[in-house]
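Structure, as structure tokens:
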Number of protein chains: 2
Amino acid sequence: MKLTDYLFQRLHQLGVKSMHGVPGDFNLTLLDYVQPNNLLWVGNANELNAAYAADGYARLTGLGALVTTFGVGELSAINAIAGAYAERVPVVHIVGIPTRAQINGRALVHHTFCDGEFGRFSDMAARVTAAQTRLHDARVACDEIDRVIATCMRESRPVYIEVPVDMVGAEVDGSALKSPITVHDAIPSQNVDAALEKILAKVKAAKKPMILIDGETRPMDMIKGVENIMKATNWPTFTTCFGKGLVDETVANFHGINMGAFDLQERQEFIKDVDLVFSYGPHNSWTNTHAYTSIPNPEITVAFQDTKLIIGGDIIRDVPVKVITDRLLESFAAESFNKYDTYPTISRDYAIPYSDVPDKDILAQDRLWHVMANFLRPNDVLLAETGTPGYGAREMPLPKGVRLFNPATWLSIGYMLPATQGAALARRDQSASGEDARTILLIGDGSFQMTAQELGTIVAHNLDVVVFLINNAGYTIERCIHGREQAYNDVADWRYLEAPKFFGAKEDTFTARAKTYGELKTILQDKRMSDGKGLRMVEIMLDKDDAPRGPLVGLMAKQKGN
Amino acid sequence: MKLTDYLFQRLHQLGVKSMHGVPGDFNLTLLDYVQPNNLLWVGNANELNAAYAADGYARLTGLGALVTTFGVGELSAINAIAGAYAERVPVVHIVGIPTRAQINGRALVHHTFCDGEFGRFSDMAARVTAAQTRLHDARVACDEIDRVIATCMRESRPVYIEVPVDMVGAEVDGSALKSPITVHDAIPSQNVDAALEKILAKVKAAKKPMILIDGETRPMDMIKGVENIMKATNWPTFTTCFGKGLVDETVANFHGINMGAFDLQERQEFIKDVDLVFSYGPHNSWTNTHAYTSIPNPEITVAFQDTKLIIGGDIIRDVPVKVITDRLLESFAAESFNKYDTYPTISRDYAIPYSDVPDKDILAQDRLWHVMANFLRPNDVLLAETGTPGYGAREMPLPKGVRLFNPATWLSIGYMLPATQGAALARRDQSASGEDARTILLIGDGSFQMTAQELGTIVAHNLDVVVFLINNAGYTIERCIHGREQAYNDVADWRYLEAPKFFGAKEDTFTARAKTYGELKTILQDKRMSDGKGLRMVEIMLDKDDAPRGPLVGLMAKQKGN
């Protein structure tokens, strides 16, 4: 078979049904293999957007892929690839590169520095990917493809594959395709028994345990396992920004995001006295941990990572998270470790009923997100862009099966709109019937401007997407940090609601603007919005100095004091 | 004085009047220094666009600058920085990075991989910039700034400056500002005399000499010098794609682009018999040389580079191009080396008068560009994006003082629209009166979609820009190369003429669409178009399989044959 057939069929086997990217002269013949291998081609407006979209796709399906061209294309995408590395997203970046003859002959081709050097860009890619290969030898090309993709899945990080133009149709022995790709499970060591004993001793001694679910639970492939732990123990369970939306948040012992020093007083009081924390998939960036204040005291923490535990600060290696979690679940099944005679009073995320907000009230960040929460339905995908929407969404109660994309660490504004395209497509690819495939984006004006053209891709592929555009006249999150009144935090003044039409949507596409709660309620309850198909867009007008609860409110108050 | 005052005042001294970029939390305090140092802040919609704009600015003024934030911002811009390297554009990329305490403490901050590593992105930047510095020591910060900026100007390549947040306001000894920055001239060696003798011997022996002006004439700062050579010799003078629009093209011995094997037969006949070529600033990429076919035979070539000559294939180093050119001009002043008793008949670029084209004829690439040429005026800036417009513009006669941006080697589609913003601003910054500051963009639909949001920046800064959007339903240049009928060469179907309004332009902004020459003529002669202010936009409808003369026509014919 042909090399590219092997590559694309392997990806298809692993759940990649759609391929994102942008054509370029070094990848055109490669693209001829997309459709014949039952992949949908999604031509994004540019490569950064394509990579963001592939990332959004991968966070839901477990694997995403994109194709770009040498130099110009791959470098445009590299910020998104770096983001996939930072937040552990398995994306396969395929780059069409010049022929082996051009490379070996140091030819002065375009998309180079005209210096005969063809390794510069792969060298840069190596800094932001977990594995790399250049498929220049047909004898080992299939092994190389499998090695790199397996690394992508094992580490849940992006990888990089270069395909020289003259290798695209090379004949390869594709017999390996008959067997599934080998992604090695972590190997348990004899440390497992001792670790289990240690943990159970802590569990037995604990009077006030809790669970903290962080975002690396997803790349660890432990969402189900953690959910089982949460349900088996009935311990109060919190999450982080990165972890929110992974497990079933409708269970009674789930309490939303632990906002550390920025949380409600009563929640801080509870957490202060906790004497044991099961911390799953910790990801301790400043932004994800509310300035490190929600990281639990290491002395009382059992941190579960891919292949190691950290118990009371001591690292125990080679204890695979799946193995130890299964062992714990066995123990919990045999003996109840419910530690609370009376379940403690800890607040939960809540929606504000429409009837509780006067129609004439002007929209503001303090109640907006709680009112918006009424719009959510089970199995929606909700994406909240870095900026005030990312903070706002942190307090929204999520119906069962809702997945949330929330800024964690990379925080590259502009990410969420293309990721919305990728996520919406992932939902459609995953559901045979196409039902329950609603994807909802909450995005600020500044972020929207970064990558707005992907609305065109959403329209072209007829994806079911609702966009809430927060118009607060610029980068409000930056105004909170510094330069509240500075012109550099302004953005150009677009007519946002003309976007769907400009980007090619049907003339009767639903658009609306809300300044008051009355207007917002009418919009949210409009059937064309909630049950419509294709793109829908709502502009929400907010004051430029208004910030949601949490760190931003305090920062803005400080700015106003200055 | 403060470190950032020093940096920005140095840039201002060197002609940077406007600073492009995007705010981010690690550069906000830095941006406080922009306006107080008399720099205009241009907040682009995203960082790639900001870097493209700074590049466009620098190609006209000789220096451009942009500010981005750590990680996410700088990596988004890196493709444009690489393009500046490939095509020798002096751009200063300033990156706001975390504090020294965070870096030294390996803090797990956002915009990192949460691994305490802060050198990864500068390491990537080093592969695409000529010099780099991190300003972590106030004692040497000014020296470092000067070293890096001098390298930028000397090599005409991008450079990279990291400013930790806690260094932004550091006190420095800024006394060096009183002296201009030292950009060392090339040092002539004793080789100069011998080289001059060698060249003059060749000149004396030559019967049929010609001049070839390539694009590195600009970074060599030799535009004036070459123009003088062209006028002093009266030899037939050709250019390349990269070189077109640098010198006065209205002089009688200027004959446009040498298209090598793709040129008109009569021109190929003439060039075949040439026995001496003065080749200024050669840049021998495949794309710039019509697949290497316009590179003159080395045996008859004197190639002038920054500090070396290549005569008949032999390299003579340490012969600065300015020194040897001045010496040649002295010789030419003393003795005429006009070699042509009768000046040879060689065609020139031409416009087709409006009256020569029937109104009802449908627009097509064969005549379109020659008709469009009537629209040009002295001192316009014309930007022709990679794709069919880039090829089309190669045949347009340019009035005096017109600068052309034409695809040479990097060919990153999407570049030209932000570069148009940068170029238009450069023209305004350079002209006190603001007159003659018309900037004209020719761009295809696929390229437009890449970076369309910069129309918003053009509107916000009220720049005088005319956009001709070539709507031919996708990537026609790729259709010529491969996949003529493949869906991957389609793009989303936007309503292009709604762009100005969507991006915030006044309701009465001039827009128009042309399918016939009659419509086009009416538009081009409309005073609102030719003499209007601000943004104007015209959509030109072309067949998706139609290509301009040159290599594309042949490729498309081959595709149709398949």
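Tabulated results
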{"quantity": "Some residue of segment A:272-279 being assigned to a strand (DSSP E or B) and over 26 Å from A:Asn406 (Cα atoms)", "calculated": "yes"}
{"quantity": "Residue match in segment B:139-151 (condition: open to solvent by less than 10 Å² (accessible area, probe 1.4 Å) and among the acidic types (Asp, Glu))", "calculated": "no"}
{"quantity": "Residue match in segment A:474-491 (condition: without any contact (Cβ under 8 Å) to a residue 24 or more places away in the chain, of a type in the set (A, V, I, L, M) and within 9 Å of chain B (Cβ to nearest Cβ))", "calculated": "yes"}
{"quantity": "B:Arg367 vs. criteria part of a helix (DSSP H, G or I), in contact with a strand residue (DSSP E or B) (Cβ under 6 Å, 6 or more places away or on another chain) and either within 27 Å of B:Gly532 (Cα to Cα) or modelled with pLDDT of 95 or more (or both)", "calculated": "no"}
{"quantity": "Qualifying residue in segment A:532-542 (condition: within 30 Å of A:Asn288 (Cα to Cα), open to solvent by 50 Å² or more (accessible area, probe 1.4 Å) and at pLDDT 95 or above)", "calculated": "yes"}
{"quantity": "Whichever residue in segment B:140-173 is assigned to a loop (DSSP other than H, G, I, E, B) and in contact (Cβ under 8 Å) with a residue 24 or more places away in the chain and, among such residues, is farthest from B:Leu30 (Cα to Cα)", "calculated": "B:Ser156"}
{"quantity": "Filter result for A:Ile470 (within 11 Å of chain B (Cβ to nearest Cβ), open to solvent by less than 10 Å² (accessible area, probe 1.4 Å) and not aromatic (Phe, Trp, Tyr))", "calculated": "no"}
{"quantity": "Members of segment A:313-329 found to be more than 15 Å from A:Lys202 (Cβ to Cβ) and not β-branched (Val, Ile, Thr), listed by number", "calculated": "A:Arg317, A:Asp318, A:Pro320, A:Lys322, A:Asp326, A:Leu329"}
{"quantity": "Hits in segment A:79-92 (condition: at the interface with another protein chain (Cβ under 7 Å from one of its Cβ atoms) and open to solvent by 10 Å² or more (accessible area, probe 1.4 Å))", "calculated": "A:Tyr85"}
{"quantity": "Some residue of segment B:438-460 being hydroxyl-bearing (Ser, Thr, Tyr), under 20 Å from the mean Cα position of the chain (by Cα), under 21 Å from B:Asp531 (Cβ atoms) and surrounded by fewer than 24 Cβ atoms within 10 Å (Cβ to Cβ)", "calculated": "no"}
{"quantity": "Members of segment A:174-196 found to be touching a residue at least 40 places away in the same chain (Cβ under 8 Å), part of a loop (DSSP other than H, G, I, E, B) and farther than 28 Å from A:Gly24 by Cα, listed by number", "calculated": "A:Pro180, A:Ile181, A:Asp185, A:Ala186, A:Ile187, A:Pro188, A:Ser189"}
{"quantity": "Subset of segment A:156-189 that is among the charged types (D, E, K, R) and farther than 28 Å from A:Ala51 by Cα - its residue that is most open to solvent (accessible area, probe 1.4 Å)", "calculated": "A:Lys178"}
{"quantity": "Of all residues in segment B:415-470 being of a type in the set (Asp, Glu) and in contact (Cβ under 8 Å) with a residue 12 or more places away in the chain, the one that is farthest from A:Asn46 (Cα to Cα)", "calculated": "B:Asp436"}
{"quantity": "Per-region count, segment B:310-323, residues assigned to a helix (DSSP H, G or I) and open to solvent by 30 Å² or more (accessible area, probe 1.4 Å)", "calculated": "2"}
{"quantity": "Looking only at segment B:121-148, and only at residues there that are within 20 Å of B:Phe70 (Cα to Cα) and among the β-branched types (Val, Ile, Thr), the one that is farthest from the other protein chains (Cβ to nearest Cβ)", "calculated": "B:Ile145"}
{"quantity": "Filter result for A:Met537 (at negative phi, touching a Lys or Arg at 6+ places or on another chain (Cβ under 8 Å) and away from chain B (no Cβ under 12 Å))", "calculated": "no"}
{"quantity": "Which listed residue is of a type in the set (D, E, K, R) and in contact with a Lys or Arg (Cβ under 6 Å, 6 or more places away or on another chain), from A:Asp380, A:Asp359, A:Asp366", "calculated": "A:Asp380"}
{"quantity": "Which listed residue is within 29 Å of B:Asn49 (Cα to Cα) and either modelled with pLDDT of 95 or more or within 24 Å of the chain's Cα centre (by Cα) (or both), from A:Val89, A:Val34", "calculated": "A:Val89"}
{"quantity": "Filter result for A:Asp326 (touching a residue at least 24 places away in the same chain (Cβ under 8 Å), surrounded by 18 or more Cβ atoms within 10 Å (Cβ to Cβ) and not in a strand (DSSP E or B))", "calculated": "no"}
{"quantity": "Some residue of segment A:502-516 being closer than 25 Å to B:Asn46 by Cα and without any contact (Cβ under 8 Å) to a residue 12 or more places away in the chain", "calculated": "yes"}
{"quantity": "Any hit, segment A:95-103, residues being open to solvent by 10 Å² or more (accessible area, probe 1.4 Å) and among the hydroxyl-bearing types (Ser, Thr, Tyr)", "calculated": "yes"}
{"quantity": "Pairs with Cβ under 6 Å, 6+ apart, first in segment B:381-392 and within 14 Å of B:Arg403 (Cα to Cα), second among the aromatic types (Phe, Trp, Tyr)", "calculated": "B:Leu383/B:Phe405"}
{"quantity": "Residues of segment B:495-521 that turn out to be within 7 Å of chain A (Cβ to nearest Cβ), in contact with an Asp or Glu (Cβ under 9 Å, 6 or more places away or on another chain) and open to solvent by 10 Å² or more (accessible area, probe 1.4 Å), as a count", "calculated": "3"}
{"quantity": "Residue match in segment B:190-212 (condition: out of contact with any Asp or Glu (no Cβ under 7 Å at 6 or more places or on another chain), of a type in the set (A, V, I, L, M) and within 14 Å of chain A (Cβ to nearest Cβ))", "calculated": "no"}
{"quantity": "Unmet criterion (only one of (1) more than 23 Å from A:Ala492 (Cβ to Cβ); (2) open to solvent by 30 Å² or more (accessible area, probe 1.4 Å)) for B:Lys17", "calculated": "(1)"}
{"quantity": "Subset of segment B:370-390 (residues that are part of a loop (DSSP other than H, G, I, E, B), of a type outside the set (S, T, N, Q) and more than 14 Å from every other protein chain (Cβ to nearest Cβ))", "calculated": "B:Leu376, B:Arg377, B:Pro378, B:Asp380"}
{"quantity": "Pick from segment A:26-38, criterion open to solvent by less than 10 Å² (accessible area, probe 1.4 Å) and within 24 Å of A:Val459 (Cβ to Cβ), ranking: nearest to the other protein chains (Cβ to nearest Cβ)", "calculated": "A:Leu31"}
{"quantity": "Conditions (1) modelled with pLDDT of 95 or more; (2) out of contact with any Gly (no Cβ under 7 Å at 6 or more places or on another chain); (3) within 28 Å of A:Gly554 (Cα to Cα); number of the one not met by A:Ile470", "calculated": "(2)"}
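The values are calculated or read from the model by the stated rules, or taken from the named source; none is laboratory data. None of these values were measured; they are calculated from a predicted model. With ideal geometry, Cβ positions are generated from the backbone for all residues, glycine too; neighbour counts draw on all protein chains shown. Areas reflect the complete protein model, heavy atoms only, side chains present, ligands, DNA and RNA absent. Shrake-Rupley method; radii C 1.70, N 1.55, O 1.52, S 1.80 Å.
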